[in-house]
Amino acid sequence: MDLDFSPVIESWRFLLGGLELTLALAALTVVCSLLVGGAVGLGRCYGPVWLRVPLVFYIDSMRSVPVLVVLVWSYFALPIVTGVTLPPFWAALVALSLQISAFVAEIVRAGVNSVRPGQTRAALALGMSQAQAIREVVLPQAIVRMLPAFGSIISITIKDTAIAAVIAVPEYMNRSQTLAGQSFRPIEVFLVAMVVYFIILFPTTRIVDMVYVRLAHLGRS
Amino acid sequence: MNFDWSVVWTHAGELLQGTEITVFLAVVTMMIAIPGGIVLALLRLSGSRILSGASASFTELFRNLPLILVIYAAYYIMPLTLNIALSPIATGLVALSLNVSAYNGETFRAGIASIRKGQGDAALALGMSRWQAMREVVLPQAVRRVLPVLASTWVSLFKDTSLVSVIAVGELAYTAMRIRSQTFRVLEMLTAMAAIYWALGYPQAKLVDWLNRKYGINE
């Protein structure tokens with residue numbers, strides 16, 4: 001067994017471009033998911049019943065359908081329904097955000113519920129409005145407690161972007177496949193891919209956890 | 001725009017077969033990954049620096065790699081380096097088991113660690129051996145805490161089996177996409193695929209919620 005990494009080294013620009021796309025897709029997905037998922041989570045906790053029922057349905061549906069299915073559906077089937085063909089990158093952004101938002105919404109709900117109801121009641125008893133109680137009392141504690149879970153959302157998102165290779169988004173996973181096919185050196189290409197993903201993913205949750213240890217006291221009650 | 005949903009019914013048998021393989025993959029992976037996770041957790045807590053280091057490295061490695069990459073790597077690396085030619089379905093099982101074992105290892109470790117140290121100490125003070133204290137006192141309590149987490153890992157695993165379609169394992173996603181490219185009924189087949197996953201996964205997600213309410217810890 002002799003390994004020859006020269007095809008990987010020669011194509012480093014090609015792979016680096018893929019890595020940039022992976023990180024860009026992950027970053028955009030995280031931002032979209034935090035916004036959408038945050039809104040969905042709060043709507044589920046505090047919204048009226050007619051809003052809560054469809055939101056719960058959306059969240060549970062996304063928890064039960066694989067990312068791959070959502071990706072493939074938004075790339076191949078959505079254009080047939082809407083008549084708008086999204087380029088692979090944007091189809092992947094839509095599909096991944098749809099999935100990750102549901103997870104964010106669940107985290108938001110768990111965080112909000114972890115703040116004891118007595119706190120909200122005390123805030124209301126002090127004459128605060130419902131919105132004030134949420135904004136001033138519940139959310140500041142809840143957000144700190146959600147931090148570790150948001151850290152894992154970032155690494156889940158980066159891992160899920162690799163699935164976007166299936167709809168030909170030229171990100172790192174997809175380019176590795178291309179290179180493996182062209183160079184006939186799949187072992188070297190995929191070994192390097194494993195190292196690259198590990199180097200990105202391993203510190204991600206660690207850094208968020210370290211930030212959380214610093215801030216954890218703010219979430220105590 | 002005209003749809004022809006009859007394509008779903010004419011291929012119902014193949015879809016059913018794909019669904020069976022999906023369920024099979026999930027069940028067998030879990031049957032490998034639960035003992036695998038227990039072994040990883042016990043090694044991690046064994047007190048031997050080498051064993052716990054090896055277990056921690058394994059866990060961190062597979063928790064921090066995209067599953068789809070592990071599947072490709074298993075598909076290309078195993079036959080060439082280890083000289084074993086496995087069928088795609090066995091390769092898929094290996095990749096899924098590596099991934100889920102790592103997650104289960106963490107689940108079991110956290111479950112055991114969540115039992116206060118005093119409980120194990122008390123059992124030792126009563127004259128139990130370390131193994132007895134683990135089996136009689138710590139594990140029965142840990143199982144209750146592990147169960148909801150294990151259930152949600154199961155739901156993730158059930159969805160993740162779709163990823164082995166990339167190495168041509170004939171499970172539900174692969175079958176649906178193959179029929180799609182044969183019949184050109186893209187929307188119908190992809191929607192049927194999503195609907196089948198939904199119909200199977202939705203009750204499971206609800207069951208997980210129920211388990212969490214029943215056994216979840218509220219501190």
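The values are calculated or read from the model by the stated rules, or taken from the named source; none is laboratory data. Computed from a predicted model, the values in this text were never measured in an experiment. In this analysis, Cβ positions are derived from the backbone assuming ideal geometry, glycine residues included, and neighbour counts consider all displayed protein chains.
Some observations on this one:
- The one condition in (1) on the phi > 0 side of the Ramachandran plot; (2) within 10 Å of chain A (Cβ to nearest Cβ) that B:Ile77 fails to fulfil: (1)
- With respect to being facing chain B (nearest Cβ under 10 Å), within 26 Å of B:Leu61 (Cα to Cα) and either assigned to a helix (DSSP H, G or I) or at pLDDT below 90 (or both), A:Ile153 falls outside the description.
- Tallying residues that are in contact (Cβ under 8 Å) with a residue 40 or more places away in the chain and of a type outside the set (Gly, Ala, Ser) within the stretch A:1-22 yields 10.
- Residue match in the stretch B:49-64 (condition: under 30 Å from A:Asp4 (Cβ atoms), more than 10 Å from every other protein chain (Cβ to nearest Cβ) and either free of Cβ contacts under 8 Å to residues at least 40 places away in the same chain or outside any helix (DSSP H, G or I) (or both)): yes
- Applying a threshold of 7 Å to beta carbon distances and a minimum spacing of six or more residues, or different chains, the list of pairs starting in the stretch B:151-172 at a residue that is more than 9 Å from every other protein chain (Cβ to nearest Cβ) and ending at one that is assigned to a loop (DSSP other than H, G, I, E, B) reads B:Val164/B:Glu171.
Listed here are the residues, each with its yes/no results for (1) among the acidic types (Asp, Glu); (2) surrounded by fewer than 22 Cβ atoms within 10 Å (Cβ to Cβ); (3) more than 26 Å from B:Ala199 (Cα to Cα); (4) in contact with an Asp or Glu (Cβ under 9 Å, 6 or more places away or on another chain).
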site	(1), (2), (3), (4)
B:Leu25	no, no, no, yes
B:Val28	no, yes, no, no
B:Ala33	no, no, no, no
B:Leu43	no, yes, yes, no
B:Leu51	no, yes, yes, no
B:Ala54	no, yes, yes, no
B:Tyr72	no, no, yes, no
B:Leu82	no, yes, yes, no
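- Filtering the stretch A:157-176 to residues that are at the interface with chain B (Cβ under 10 Å from one of its Cβ atoms) and either touching a Lys or Arg at 6+ places or on another chain (Cβ under 7 Å) or β-branched (Val, Ile, Thr) (or both) leaves A:Ile158, A:Thr161, A:Ile163, A:Val166.
- Hits in the stretch A:42-92 (condition: outside any helix (DSSP H, G or I) and either charged (D, E, K, R) or crowded, with 21+ Cβ neighbours inside 10 Å (or both)): A:Val65, A:Pro66
Residues checked against (1) aromatic (Phe, Trp, Tyr); (2) more than 22 Å from B:Ala199 (Cβ to Cβ):
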| position | (1), (2) |
| --- | --- |
| A:Ala24 | no, yes |
| A:Ala27 | no, yes |
| A:Ser33 | no, yes |
| A:Val36 | no, yes |
| A:Ala39 | no, yes |
| A:Cys45 | no, yes |
| A:Trp50 | yes, yes |
| A:Leu68 | no, no |
| A:Ala77 | no, no |
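- Taking the numbered list (1) surrounded by fewer than 22 Cβ atoms within 10 Å (Cβ to Cβ); (2) within 29 Å of A:Leu179 (Cβ to Cβ) in turn, B:Asn99 passes all entries but (1).
- Members of the stretch B:113-149 that are in contact with a Lys or Arg (Cβ under 9 Å, 6 or more places away or on another chain), touching a residue at least 24 places away in the same chain (Cβ under 8 Å) and farther than 30 Å from A:Leu68 by Cβ: B:Ser114, B:Ile115
- Listed by first and then second residue, the pairs with beta-carbon distance under 6 Å, at least 6 apart or on different chains, first residue in the stretch A:203-220 and in a helix (DSSP H, G or I), second surrounded by fewer than 12 Cβ atoms within 10 Å (Cβ to Cβ), form an empty list.
- A:Val196 vs. criteria more than 9 Å from every other protein chain (Cβ to nearest Cβ) and either outside any helix (DSSP H, G or I) or within 18 Å of the chain's Cα centre (by Cα) (or both): no
- Considering residues of the stretch B:150-159 that are within 14 Å of A:Leu68 (Cα to Cα) and in contact with a Ser or Thr (Cβ under 9 Å, 6 or more places away or on another chain) only, the residue surrounded by the most Cβ atoms within 10 Å (Cβ to Cβ): B:Lys159
- Residue in the stretch A:126-141 that is surrounded by fewer than 18 Cβ atoms within 10 Å (Cβ to Cβ), within 14 Å of chain B (Cβ to nearest Cβ) and assigned to a helix (DSSP H, G or I) present: no
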